[in-house]
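Visitor: One structure coming up, written as structure tokens, with questions to follow.
The values are calculated or read from the model by the stated rules, or taken from the named source; none is laboratory data. All values derive from a computational prediction rather than experimental measurement. All Cβ positions, glycine included, derive from the backbone under ideal geometry; neighbour counts span all protein chains shown.
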Amino acid sequence: MIRILYTTVFILVCFASQRVFAQAPVQDSVFLMSGKVLTGIVKDTTEERLRILIPKKDGNFKADFVDQELVFSVKYKNGQESVFYKQDTLFGNYFTPQEVRYFLQGERDARAKFRTPYMVAGAFALGFGMGTTQHFLMFVPPFAYSAISVGFRIKIRPGTVSNPDYLRYDTYLLGYEKEARKRRLFRTLAAGGLGLVAGYATQSIINGSR
């Protein structure tokens, strides 16, 4: 009886695995100039835009259109890659395609792994303290803290870099620092705002209990 049960479970697992892999075919990857990557099926390519079918959770697809000037390259499911970016100083494209590739990789690495816990904790503590004052200008110091934090040096930790060799390239460092500063700004702003709300609510509870 137990042997039959194990055999049945094994067959069901194999069947489910086959369905999962059947519903997850290899797709095209669209690398945007923003550093983000869209995964789907590139259907049409014109001089102005791409039409991409992006998979939805229900198994269907939704059509999305992307201007070509926003696309760095498309890597098709067969392994071939088409680079749309062209170096042209008249339009502000000063970097070579390879330099842009390093820049975009720097942005992706920072977006995936850059953390700034101490500054975020400081923003929350400052926001909390200002929230307890319940002063009408209590939001100014947390926002100023976030603005000032952007100016501090970005320390690139080895564990946040997908390939240590990238650190030799200036454009990779530029991309990493650009995305890291943006993330630091948004995260300290969010932490400062949460601290304000928490501090204001705490002080209101204390005042109400008196």
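Visitor: Step by step: first the residues of region 152-200, then only those that are in a helix (DSSP H, G or I) and among the hydroxyl-bearing types (Ser, Thr, Tyr), then the one that is farthest from the chain's Cα centre (by Cα). Which residue is that?
Guide: So, considering only residues that are in a helix (DSSP H, G or I) and among the hydroxyl-bearing types (Ser, Thr, Tyr), the one farthest from the chain's Cα centre (by Cα) is 200.
Visitor: Which residue, of 112, 125, 121, is surrounded by fewer than 17 Cβ atoms within 10 Å (Cβ to Cβ) and closer than 19 Å to residue 34 by Cα?
Guide: On the way: 125 fails: closer than 19 Å to residue 34 by Cα; 121 fails: closer than 19 Å to residue 34 by Cα.
The match here is 112.
Visitor: Taking region 54-77 only, how many residues are under 26 Å from residue 105 (Cβ atoms) and in contact with a Gly (Cβ under 8 Å, 6 or more places away or on another chain)? Walk me through it before giving the result.
Guide: Residues of region 54-77 that are under 26 Å from residue 105 (Cβ atoms), as a first pass: 54-55, 64-77.
Imposing the further condition that a residue be in contact with a Gly (Cβ under 8 Å, 6 or more places away or on another chain) reduces the set to 54-55, 64.
Going through region 54-77 one residue at a time, the tally reaches 3.
Visitor: Let me ask another. Among the residues of region 62-78, which ones are aromatic (Phe, Trp, Tyr) and either surrounded by 14 or more Cβ atoms within 10 Å (Cβ to Cβ) or touching a His at 6+ places or on another chain (Cβ under 6 Å) (or both)?
Guide: The first filter runs over region 62-78 and keeps only residues aromatic (Phe, Trp, Tyr), leaving 65, 72, 76.
Result: 72, 76.
Visitor: In a helix (DSSP H, G or I), within 20 Å of the chain's Cα centre (by Cα) and modelled with pLDDT under 95: does that describe residue 108?
Guide: Values: in a helix (DSSP H, G or I): yes; within 20 Å of the chain's Cα centre (by Cα): yes; modelled with pLDDT under 95: yes.
Yes; evaluated as a whole, the condition is true for this residue.
Visitor: Could you list, in sequence order, all residues of region 111-121 that are small (Gly, Ala, Ser) and at pLDDT 95 or above?
Guide: If we filter region 111-121 for residues that are small (Gly, Ala, Ser), which is where we start, we get 112, 121.
121, the sole residue that qualifies.
Visitor: For region 82-90, indicate whether the set of residues that are within 19 Å of residue 28 (Cβ to Cβ), loosely packed, with under 15 Cβ neighbours inside 10 Å and in contact with a strand residue (DSSP E or B) (Cβ under 8 Å, 6 or more places away or on another chain) is non-empty. Spell out how you get there, then give the answer.
Guide: Within region 82-90, the first condition is being within 19 Å of residue 28 (Cβ to Cβ), and the residues that meet it are 82-85.
Of the ones still in play, those that are also loosely packed, with under 15 Cβ neighbours inside 10 Å are 82.
Of the ones still in play, those that are also in contact with a strand residue (DSSP E or B) (Cβ under 8 Å, 6 or more places away or on another chain) are 82.
Yes, the conditions are met somewhere in region 82-90.
Visitor: Taking region 44-77 as the search range and keeping residues that are among the hydroxyl-bearing types (Ser, Thr, Tyr) and in a strand (DSSP E or B), which one is farthest from the chain's Cα centre (by Cα)? Before the answer, list the steps.
Guide: Step one: filter region 44-77 for residues among the hydroxyl-bearing types (Ser, Thr, Tyr), giving 45-46, 73, 76.
Okay, now just the ones that are also in a strand (DSSP E or B), so 45, 73.
Details: 45: 26, 73: 18 Å.
This residue is 45.
Visitor: Scanning region 134-151 for residues that are assigned to a helix (DSSP H, G or I) and without any contact (Cβ under 8 Å) to a residue 12 or more places away in the chain, which turns out nearest to the chain's Cα centre (by Cα)?
Guide: The qualifying residue nearest to the chain's Cα centre (by Cα) is 148.
Visitor: Applying the selection to region 78-98, what residues are more than 19 Å from residue 67 (Cβ to Cβ), part of a loop (DSSP other than H, G, I, E, B) and hydroxyl-bearing (Ser, Thr, Tyr)?
Guide: 94, 96
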